[in-house]
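Okay, so here's the structure we're looking at.
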């Protein structure tokens, strides 16, 4: 009982942390590149970035299978490199969580970067600061609140991912079974006590994440 209870929680936190690191990095870079810039095709690119927010999780899972499955060139290349299929592995769950959480990080970071007065960054450039120095010393600190809020929301979203993970990573106990998929199985088998324990756990973690976001914004 104890092992069965803690395993999905531990795996969910591990996947959320790893995918959160990818999401933060990708979200900040993409948001910085897109903020304050106007070019043809920007709307299409941003639409692509935000699609996982509105697509059904099963559609996201289906697309991940098409792109990374064993019948795709990408999936076959990854299987050759790592000597094992990507599907039904922990890394499949990480990819699914990253895809669905990315839009939240991107939106938050972009909103933060867009509030920065370009005059401040230009003044640093005039004083001889490199683009990298401007980014680290001015852009990131000024947008830090929204970046942290986006990171927390992305972590919470990755933690609660279900549909895409179930399709792409499966529901293998001890390997790919996260809290949401464990709840589904517990309910299906009639073990409501165990289901309630996992529900209470993920609600507590998610509530703490939202509380942190509200405290940052206040």
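Only the coordinates and a few stated rules stand behind these numbers; no lab work does. What you are looking at is a predicted structure, and each value in this text was computed from that prediction instead of being measured. Positions of Cβ are generated from backbone atoms using ideal geometry, with glycine treated the same way; all protein chains shown enter the neighbour counts.
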Rounded to the nearest 10 degrees, the helix 42-54 long axis (Cα) sits at an angle to the longest Cα principal axis of the chain of 30
If each of residue 54 and residue 216 carries a label point 7 Å out from its Cα toward its Cβ, how far apart are those two points in nm? 2.6
If each residue of separation counts as 0.36 nm, what is the full-extension length gain between residue 203 and residue 66 once their alpha-carbon separation is subtracted? 46.1 nm
Say we join alpha carbon atoms closer than 10 Å with springs in a Gaussian network model of the chain; which of 112, 61, 128 then has the biggest fluctuation? 128
Roughly what angle does helix 73-82 make with the longest principal axis of the chain, taking Cα atoms, 0 to 90 degrees, to the nearest 10? 80
Taking only Cα atoms, what is the 0 to 90° angle, nearest 10, from helix 144-159's long axis to the longest principal axis of the chain? 20
Given 0.36 nm per residue, what is the gain on full extension from residue 115 to residue 4 after removing their alpha carbon distance, in nm? 35.3 nm
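Considering Cα pairs under 8 angstrom that are at least six residues apart, work out the relative contact order of the chain and quote it in whole percent. Before the final figure, lay out each step's value.
On the way: 272 pairs, mean separation 67.0, N = 218.
The value is 31 percent.
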